[in-house]
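Undergrad: Can you read through this structure? Questions will come right after.
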């Protein structure tokens, strides 16, 4: 009796090994399955590759975080960030500096943005505008003898400003305020647009 070769997949018997291989190739495509399985296994990364890729990713993330931290630290100015002006070579600390109230007697066509910028660079100030034609404006013009608008009236708090000495020479003191008088008006005129009062 000839030797029989049994198919492992379907259980059929064959007379020779060659016939069994042909059967498996045709019926069960064993070679293609093995090739497919081999290709799939080649695609699966082994454990070392996965761990290596993960560690590389972590290392890159830590490096990027470190660079960002260092870059942000270069511009860190601390817990308090004072508003410091230096246009006139002076500094003031926005936290400790008192706020000087400046009443600006003004008109519709008046502007004082340059005056405001220069003043803000040496002291902390709050501006309140009053139209010179209003009742309050007329009283201020008369009381402080303003000849030019915009006119700038500093409250007495200006004495406590750290850089008061820089502007003291151009101010005239009244009992409750300081103004820029006629002798100092040229400086104010150069920093504002306004008009002479009659």
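Undergrad: For the structure I just gave you, tell me whether residue 180 is in the same structural domain as residue 111 (by TED's automatic domain parsing), free of Cβ contacts under 8 Å to residues at least 40 places away in the same chain and under 20 Å from residue 113 (Cβ atoms). Quick ask: steps written out before the conclusion?
TA: Values: in the same structural domain as residue 111 (by TED's automatic domain parsing): yes; free of Cβ contacts under 8 Å to residues at least 40 places away in the same chain: yes; under 20 Å from residue 113 (Cβ atoms): yes.
Criteria met by residue 180.
Undergrad: Using beta carbons and a limit of 8 Å, which pairs, at least six apart or on different chains, have the first residue in segment 136-162 and part of a strand (DSSP E or B) and the second one at pLDDT below 85 and surrounded by fewer than 18 Cβ atoms within 10 Å (Cβ to Cβ)?
TA: Close Cβ pairs (under 8 Å, with a partner that is at pLDDT below 85 and surrounded by fewer than 18 Cβ atoms within 10 Å (Cβ to Cβ)) amount to 148/182; 148/189; 148/195; 148/196; 148/197; 149/195; 149/197.
Undergrad: Right, next: Tell me yes or no: at least one residue of segment 109-118 is closer than 16 Å to residue 177 by Cα and in contact with a strand residue (DSSP E or B) (Cβ under 6 Å, 6 or more places away or on another chain).
TA: Step one: filter segment 109-118 for residues closer than 16 Å to residue 177 by Cα, giving none.
No - not one qualifying residue is present in segment 109-118.
Undergrad: Can you tell me which condition residue 135 does not meet? The list is (1) modelled with pLDDT under 90; (2) closer than 25 Å to residue 109 by Cα; (3) out of contact with any helix residue (DSSP H, G or I) (no Cβ under 8 Å at 6 or more places or on another chain), and all the others hold.
TA: (1)
The values are calculated or read from the model by the stated rules, or taken from the named source; none is laboratory data. Note that the structure is a prediction, hence the values are computed from the model and not measured. Cβ coordinates were reconstructed from backbone atoms using ideal geometry, including for glycine residues, and neighbour counts include every protein chain displayed.
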